[in-house]
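These notes are about the structure you will find just below.
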Amino acid sequence: MFAINPVTGVIRVNAGGLDREKYPMYTLVVKAADLMGEGLTGEAKVILNVTDGNDNAPAFSQPSVRILEFPKPAEGLRRRKREWVIPDISVIENDRGPYPLKVTRIRSNADRVKKIFYSITGEGADHPPIGLFTMDRNTGTLYVTRPLDREVKDRYMCQVHAVADGSGNAEAPMDIIVKVIDMNDNKPTFAQDIFLGEVAEATPIGFEVIKVVATDLDKPNTDNSDIRYWLISQEPALPSDLMFAINPVTGVIRVNAGGLDREKYPMYTLVVKAADRVGEGLTGEAKVILNVTDGNDNAPAFSQPSYEAAVDENKVNAQILTMSVTDGDEPYSPAWNARFKIVDGDPEGLFNVKTGSHKHEGIISTAKGLDFEKSSTHTLLVAVENEVPFATPLPTATATVVVTVQDVTETPGSDPVEKHVVKREALAVDTGHTQEVTSIPHSSFKFFGLH
């Protein structure tokens, strides 16, 4: 019934129908919001008393209704070109009555000279819903017998008949349409009670996260079905109670402030209200649950700055050490899974490092056999990073690993243990043979009568 200028605060009459006799007073609740209507709010009441406008004339106990006459034929009752005659017959839905409620009166010009009987056929008369409309046989007054519902059916197509007493049809049947006038009797309804969505930690301000849609069964393209949206609560209200904003016309929810942090606030619950009559009518509500997804804003870190381990020399693929790391991002996500690499201390490629099945462990092993006599210790610098590239640069964690090579006592003997010597037949004594034999350590031999 009323509308307000959203900028000046001026309230105006927005629809006809002010009736002091029926509705002597209106109480309006006005809400004001900063941030162009999307920020903090305040409320006030406006009480409007409807003053008398002398809109009621003296009336007889039998109320009058509009009279519709049959169209006049060009020449008596001769056949004429058939055309739709659509009188202005309108009935407001949900009228309180009393019933039967007079709608209009149909009249034939022939009633001046003849007794005319009237009847109605068609939708709502003798076709379903049967009995919705009735007509007084003698006066031609059309009645509706019960409240109409525009959302069930918005118009009824009928025919009115006029028959002269004793002489048949006085008029050709007249086609009429009864239109049902819309009232704001349906509140906006959302397609679902709860909308689920996701928003990443690194989402920029202004990014559109999710759209909510409400519908209204009242007549389309009228104020009764013109919906506006607003957010009425946000839980948690941290780090700001205005983390999100909604487009009042489209229902699109966008990020409105920085500070999204999955580790601190993994989920937000918003309550959205929709109101028809351009935001001033009947209302409906829905919840929006937004899960904050990981934005890889935490770098992995070693559980200790340095490690020590030992390994026997000469062993290949020997597991030396398992290092563990921590990460504040979502477990087992690419932003949480770690990968390791040796960045210093292994120029000869003596060691390998790989990620364990737990995804937060780095396993160091030997790629080649180590030589105690060559180097008894190796100091490695190991770095860790996430599987996915960083959206923003994060510090890289490193740890020092000192590997001690353990000496293994070697058994005296030649390498190889056996050596084959080849000589020709009839070789003379002391020629060539002694030199090859003496290249083998004496500790490896037992002499059995060699000459």
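A compact table of results
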quantity	calculated
Among residues of the range 210-220, those that are in contact with a Gly (Cβ under 8 Å, 6 or more places away or on another chain), in a loop (DSSP other than H, G, I, E, B) and open to solvent by less than 40 Å² (accessible area, probe 1.4 Å), counted	1
Condition broken by MET323, with the remaining ones in (1) within 30 Å of LYS264 (Cβ to Cβ); (2) touching a Gly at 6+ places or on another chain (Cβ under 9 Å); (3) free of Cβ contacts under 8 Å to residues at least 40 places away in the same chain satisfied	(3)
Residue within the range 126-138 that is aliphatic (A, V, I, L, M), buried (at least 18 other Cβ atoms within 10 Å of the Cβ) and assigned to a loop (DSSP other than H, G, I, E, B) present	yes
All positions within the range 284-311 that are surrounded by 16 or more Cβ atoms within 10 Å (Cβ to Cβ) and in contact with a Pro (Cβ under 8 Å, 6 or more places away or on another chain)	GLY284, VAL292, ASN296, ALA299
Conditions (1) over 43 Å from the mean Cα position of the chain (by Cα); (2) surrounded by 19 or more Cβ atoms within 10 Å (Cβ to Cβ): number failed by LEU148	(1)
In the range 163-209, residue least open to solvent (accessible area, probe 1.4 Å) [restricted to those that are modelled with pLDDT under 90 and hydroxyl-bearing (Ser, Thr, Tyr)]	THR203
Residue in the range 363-371 that is farther than 18 Å from THR404 by Cβ and open to solvent by less than 20 Å² (accessible area, probe 1.4 Å) present	no
Among residues of the range 1-49, those that are of a type in the set (A, V, I, L, M, F, W, C), surrounded by 10 or more Cβ atoms within 10 Å (Cβ to Cβ) and over 38 Å from the mean Cα position of the chain (by Cα), counted	2
Test result for ASN247, open to solvent by 50 Å² or more (accessible area, probe 1.4 Å) and on the phi > 0 side of the Ramachandran plot	no
Hits in the range 312-355 (condition: under 13 Å from PRO300 (Cβ atoms), part of a strand (DSSP E or B) and open to solvent by 60 Å² or more (accessible area, probe 1.4 Å))	THR326, ARG339, LYS341
Search result, residues across the range 94-122 that are within 22 Å of ASP149 (Cα to Cα) and either open to solvent by less than 60 Å² (accessible area, probe 1.4 Å) or of a type in the set (A, V, I, L, M) (or both)	ASP95, GLY97, LEU101, LYS102, VAL103, THR104, ILE120, THR121, GLY122
Residue check, ALA162 of a type in the set (Gly, Ala, Ser), over 47 Å from the mean Cα position of the chain (by Cα) and in a strand (DSSP E or B)	yes
Within the range 1-113, strands (runs of 3 or more DSSP E) holding 2 or more residues that are at pLDDT below 85 and within 30 Å of ASN138 (Cβ to Cβ)	67-69
Matching residues in the range 1-51 - criterion: being farther than 24 Å from ALA237 by Cβ, touching a strand residue (DSSP E or B) at 6+ places or on another chain (Cβ under 7 Å) and among the basic types (Lys, Arg)	ARG12, LYS45
Every pair of residues 6+ apart whose Cβ atoms lie under 9 Å, when the first sits in the range 253-279 and is under 18 Å from PHE195 (Cβ atoms) and aromatic (Phe, Trp, Tyr) while the second is crowded, with 18+ Cβ neighbours inside 10 Å and at pLDDT 95 or above	TYR268/GLN234; TYR268/MET243; TYR268/PHE244; TYR268/VAL288; TYR268/LEU290
Flag for ILE232 being out of contact with any Cys (no Cβ under 9 Å at 6 or more places or on another chain) and buried (at least 20 other Cβ atoms within 10 Å of the Cβ)	no
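The values are calculated or read from the model by the stated rules, or taken from the named source; none is laboratory data. A quick note: this is a predicted structure, and the numbers were derived from the prediction, not measured. With ideal geometry, Cβ positions are generated from the backbone for all residues, glycine too; neighbour counts draw on all protein chains shown. Side chains included, ligands, DNA and RNA excluded: accessible areas come from the protein's heavy atoms. Shrake-Rupley method; radii C 1.70, N 1.55, O 1.52, S 1.80 Å.
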